[in-house]
Amino acid sequence: MRSIMVSSPDLYSGKSAITMALALKLKDYDYKVGYMKPVGNIIVDANGVLTDDDALNMKRILGLQESLDDLAPILFTYRLLDDVLEGKEKPLAEKLLATFEKVSKGKDTVMLEGAGDLSGGSVLSLSDFDVARMTGSKILLVARYCDDFAVNRIVTYMKLLPSDVELVGIVFNNIGPNFINFVKEKVVPYFEKRSVKVLGVIPQNKALMSVTAGEIAEELHGQVLAGKENIDVSVSGIVVGAMSLENAIKVFRRKPNRAIITAGDRADTQMAALEARSSCVLLSGNLYPEAPVLGRAEELGIPIILFPDDTMTLVDKMEALLRSIRIKNPQKIELMKSMFSEHVDMGSIIDALK
């Protein structure tokens, strides 16, 4: 049994999407695929059980029978961090290895998903490098190219890579149109000249970078007040409705497919957002809108979602959600799998598992 650690030098590189797509492709090749996120760092409550959101998502998508405790055996909570900083002994490595052996039983391969970026899990002595060495896993490196320092981050990662941990190769993910040719013509040859395989360059796809109004309500714990029949509308960004009414109307019309964030008592801004046919309206402060606003939203089929947070907190949460979009709905899952098939050298990954 061979295992692969999907790792990255960057936050928000798309490790979860690549892990999911690779696992699904391996299943198409009749591999019995296991999964584990050794250090869970995106803590959620799943019916009273604390777990990692990526592990919860992968359990559903892959139809895994293992418990959430096995799929995310170590949760990086504040309490765990406090214990480690105070020097309390924690048998974390032993627990991880025992769980890895458990989830590996009957599997042809196990996908391990790294925790965050290069530093993830380090204070626990469970960095991606540590886990890969302990489990005998090879590393698949996922990297973005979103600025001119991206190569520096990858080179730093490579210099820190232990000599006894094998790198399968690099997958460049979510590469924007401004960088795609540069990555293919300059960055890929740079690494290949240094005997580092580049297994793929996956271009940016706006359909994968959006969330639905329903996902916003679910992830940020909002209450849908109107427009429930269009809860699957896509949202690609946000606009804060804190300007004058005249400017608000102009801005909203120039920025389609956006969620408008405004206070619940700003009926004029809410109406402007509706008339501009914004994707949805997010209300802060737990202030219910006036009846005419809800009535107009129902007429136009535009979701209005109420949140208890103040405006700036809601903005911060939305920005974090848009940065760390998780692929959960069936259409996005199939799209990501298709893009992976088209742009990634699956044969080299299969060879690495032999």
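The values are calculated or read from the model by the stated rules, or taken from the named source; none is laboratory data. Here the structure is a predicted model, which is why all the values come from computation and not from measurement. Positions of Cβ are generated from backbone atoms using ideal geometry, with glycine treated the same way; all protein chains shown enter the neighbour counts. Accessible surface areas use protein heavy atoms only, side chains included; no ligands, DNA or RNA. Shrake-Rupley method; radii C 1.70, N 1.55, O 1.52, S 1.80 Å.
Tabulated values for the structure
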| item | result |
| --- | --- |
| Residues of segment 339-354 satisfying the condition of being closer than 15 Å to ALA17 by Cβ, in a helix (DSSP H, G or I) and touching a residue at least 40 places away in the same chain (Cβ under 8 Å) | MET339, PHE340, SER341, HIS343 |
| Some residue of segment 26-40 being modelled with pLDDT of 95 or more, over 18 Å from GLY106 (Cα atoms) and surrounded by fewer than 24 Cβ atoms within 10 Å (Cβ to Cβ) | no |
| Only one of GLU94, GLU101, GLU66 that is closer than 26 Å to ASP351 by Cα and free of Cβ contacts under 8 Å to residues at least 60 places away in the same chain | GLU101 |
| Selection status of ARG254, free of Cβ contacts under 8 Å to residues at least 40 places away in the same chain, under 27 Å from GLY295 (Cβ atoms) and open to solvent by 20 Å² or more (accessible area, probe 1.4 Å) | yes |
| Restricting segment 231-250 to residues that are among the small types (Gly, Ala, Ser) and open to solvent by less than 50 Å² (accessible area, probe 1.4 Å), the residue that is modelled with the lowest pLDDT | ALA248 |
| Complete set of residues in segment 310-324 that are surrounded by fewer than 19 Cβ atoms within 10 Å (Cβ to Cβ) and of a type in the set (A, V, I, L, M, F, W, C) | MET312, VAL315, ALA320, LEU321, LEU322 |
| Answer residue from segment 130-176, given it is closer than 19 Å to SER13 by Cα and basic (Lys, Arg) and is surrounded by the most Cβ atoms within 10 Å (Cβ to Cβ) among those | ARG144 |
| Test: ILE61 is aliphatic (A, V, I, L, M), over 19 Å from ALA93 (Cα atoms) and open to solvent by 60 Å² or more (accessible area, probe 1.4 Å) | no |
| Residues that are at negative phi, open to solvent by 10 Å² or more (accessible area, probe 1.4 Å) and under 16 Å from the mean Cα position of the chain (by Cα), drawn from segment 1-25 | PRO9, ASP10, LEU11, LYS15, SER16, ALA17 |
| Hey, LYS88 open to solvent by 60 Å² or more (accessible area, probe 1.4 Å), without any contact (Cβ under 8 Å) to a residue 24 or more places away in the chain and either in contact with a helix residue (DSSP H, G or I) (Cβ under 9 Å, 6 or more places away or on another chain) or hydroxyl-bearing (Ser, Thr, Tyr) (or both) or not | yes |
| ARG133 vs. criteria among the basic types (Lys, Arg) and either at pLDDT below 95 or more than 30 Å from ASP345 (Cβ to Cβ) (or both) | no |
| Pairs with Cβ under 7 Å, 6+ apart, first in segment 187-207 and crowded, with 17+ Cβ neighbours inside 10 Å, second of a type in the set (D, E, K, R) | VAL198/GLU192; LEU199/ASP345; GLY200/ASP345; VAL201/LYS184 |
| Residues within segment 41-58 that are in contact with a Phe, Trp or Tyr (Cβ under 7 Å, 6 or more places away or on another chain) and either in a helix (DSSP H, G or I) or open to solvent by less than 10 Å² (accessible area, probe 1.4 Å) (or both), tallied | 1 |
| ILE333 being out of contact with any helix residue (DSSP H, G or I) (no Cβ under 7 Å at 6 or more places or on another chain), among the aliphatic types (A, V, I, L, M), within 23 Å of THR109 (Cα to Cα) and not in a loop (DSSP other than H, G, I, E, B) | no |
| Failed item, numbered, when PHE307 is tested on (1) over 16 Å from VAL235 (Cβ atoms); (2) among the hydrophobic types (A, V, I, L, M, F, W, C); (3) crowded, with 19+ Cβ neighbours inside 10 Å | (1) |
| Qualifying positions in segment 216-229 - part of a helix (DSSP H, G or I) and crowded, with 20+ Cβ neighbours inside 10 Å | ILE216, ALA217 |
| Single match in LEU322, LEU282 (criterion: in a strand (DSSP E or B) and either within 30 Å of the chain's Cα centre (by Cα) or aromatic (Phe, Trp, Tyr) (or both)) | LEU282 |
| Given (1) outside any helix (DSSP H, G or I); (2) more than 16 Å from the chain's Cα centre (by Cα); (3) not polar (S, T, N, Q), number of the condition ASP69 does not satisfy | (1) |
| Failed condition for MET336, given (1) among the aliphatic types (A, V, I, L, M); (2) over 22 Å from the mean Cα position of the chain (by Cα); (3) surrounded by 18 or more Cβ atoms within 10 Å (Cβ to Cβ) | (2) |
